[in-house]
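The values are calculated or read from the model by the stated rules, or taken from the named source; none is laboratory data. The structure displayed is predicted, hence computed values, not measured ones. Cβ placement follows ideal geometry from the backbone for every residue including glycine, while neighbour counts extend to all protein chains displayed.
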């Protein structure tokens, strides 16, 4: 228990500084967004701070580092690996919750401020804020919170798992993460192109060029079906992979011999 | 931790990295608190043994026990250990102040008043960034954390790296002070600076090429060898020559065996320091070696 608490304390202290940094960064963007229209004389089309790219990048960065630098430090203290892993997972959940709350805070603050400024200076502010209008209800806020949390947590776990694999089998992981998508792409697309070209040549040789236009959609349809299947089952695939990543990352980090440790 | 007396042990422990054996059948036992020295040359296997003992690595074969249990991924056993590493590794810890707070949550017997005293004694600034500190200050910070941790087993891996002579002596004095005030603690010093630490050690393990070369108290080990010097000094019967040296026509023989009560005519008998003995036992390629 001591090891877990110690690791958790360490994660909390190191992450706290970065959370402060990201909130300060978002606040600067927020202030800048509302301060600039009167200066440059244009009307703000405010639709909320719905872009979660920065939050996701932050989540991935923190969890990536937790699997490498922080784990190396903590194993050499020495703290048991299961304690470090549990603390890292707790950190992932806590960080996802903090980021989700930050999303809600900025969304609602933006909605309130935009509403007030629209009344005060309608020439600069007043774009419809449909995103925040939806979230600025008790139910909407909770839905938005859970939705953000749902997005952040799996991304953190994916990043942690990838970093565990990268630390354990660096060459193999890089090779697979580049090679497999390339292979899939080649497997999917090359036959499509080859068959399309064969059919197109046949059609061209026959002199009936109008049929070539019919041939192309046939093969594009196959690709569409594959992508469509992934699209329809995305949530199931996403959560199944996420659930598998938790024990997998533990078994990988448990048997890793960390450089320098 | 368990209630048994065993603090740690190694039983025929081996660890290989490819074809190279870092540990080749190391066997030793520690069942009594005190200050222990793990002495060996660079690459002798000291750090590998510490890594296995503290659950950071797995042995190729053999067994390492910590508080009578397997240390690997064992929270109960590892909670009783603290290490001062031989390298500057601070993870995401910013300064000494933050490190002390993290350590207070890691070690159940953490002593903040001792940490404060040691901060002053080592002349450290708790707010200064750890990475901005000199190598000596970083080492001092690690020693401070290890001493204040109150961990039943405290390990120092090369504790004097970057420290000046004054701070090194202060550290050895503090170590003796902690041993006297906290007699249930065990301190393990892994070092190759033997002469300096010998005054603090209760028991010594000398390791070479991953195996145990010699063990005993400093007095016991030093009692196994002596020096005979004089013009034309010869190896007495029953003694084993460790090294022969000639200085200004005087022959100096380092011998292992029982020290004679009376020196042969024209010769003087003197004792051998721990470092001298260690060099004799481990350096088979030196000038004047018995093996040459």
**Fill in**
Note on the range B:91-106: residues at the interface with another protein chain (Cβ under 7 Å from one of its Cβ atoms) and more than 16 Å from residue A:17 (Cα to Cα) are B:105, B:106
**Message:** Just the residues that are more than 14 Å from chain A (Cβ to nearest Cβ) and either more than 19 Å from residue B:278 (Cβ to Cβ) or free of Cβ contacts under 8 Å to residues at least 24 places away in the same chain (or both), please, taken from the range B:28-73.
**Reply:** B:29, B:30, B:31, B:32, B:33, B:34, B:43, B:61, B:62, B:63, B:65, B:68
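Table: residues versus (1) under 26 Å from residue A:258 (Cα atoms); (2) more than 11 Å from chain A (Cβ to nearest Cβ); (3) assigned to a helix (DSSP H, G or I).
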{"position": "B:118", "(1), (2), (3)": "no, yes, yes"}
{"position": "B:126", "(1), (2), (3)": "no, yes, no"}
{"position": "B:162", "(1), (2), (3)": "yes, yes, no"}
{"position": "B:168", "(1), (2), (3)": "no, yes, yes"}
**Message:** Could you tell me how many of the residues in the range A:9-30 are at the interface with chain B (Cβ under 8 Å from one of its Cβ atoms) and touching a helix residue (DSSP H, G or I) at 6+ places or on another chain (Cβ under 9 Å)?
**Reply:** 4
**Request:** Assess whether residue B:67 counts as being under 21 Å from residue A:72 (Cα atoms) and modelled with pLDDT of 90 or more.
**Result:** no
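For the range B:1-115, please list each of the helices (runs of 4 or more DSSP H) lying entirely inside it that holds at least 1 residues being more than 21 Å from residue B:143 (Cβ to Cβ).
In the range B:1-115, B:46-53, B:75-78 are the helices (runs of 4 or more DSSP H) which contain 1 or more residues that are more than 21 Å from residue B:143 (Cβ to Cβ).
Kindly evaluate residue A:195 against the criterion of being farther than 28 Å from residue A:227 by Cα, modelled with pLDDT under 80 and either surrounded by 11 or more Cβ atoms within 10 Å (Cβ to Cβ) or in contact with a helix residue (DSSP H, G or I) (Cβ under 7 Å, 6 or more places away or on another chain) (or both).
no
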**Request:** Go over the candidates A:33, A:89, A:59 one by one and state the one that is assigned to a helix (DSSP H, G or I), surrounded by 24 or more Cβ atoms within 10 Å (Cβ to Cβ) and away from chain B (no Cβ under 14 Å).
**Result:** A:59
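Out of B:147, B:78, report the one residue that is facing chain A (nearest Cβ under 10 Å), free of Cβ contacts under 8 Å to residues at least 40 places away in the same chain and crowded, with 22+ Cβ neighbours inside 10 Å. Break it down stepwise before answering.
Working: B:147 fails: facing chain A (nearest Cβ under 10 Å).
Within the list B:147, B:78, the selection yields B:78.
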**Residues of the range B:59-80 satisfying the condition of being within 21 Å of the chain's Cα centre (by Cα) and farther than 19 Å from residue A:6 by Cβ** = B:59, B:63, B:64, B:65
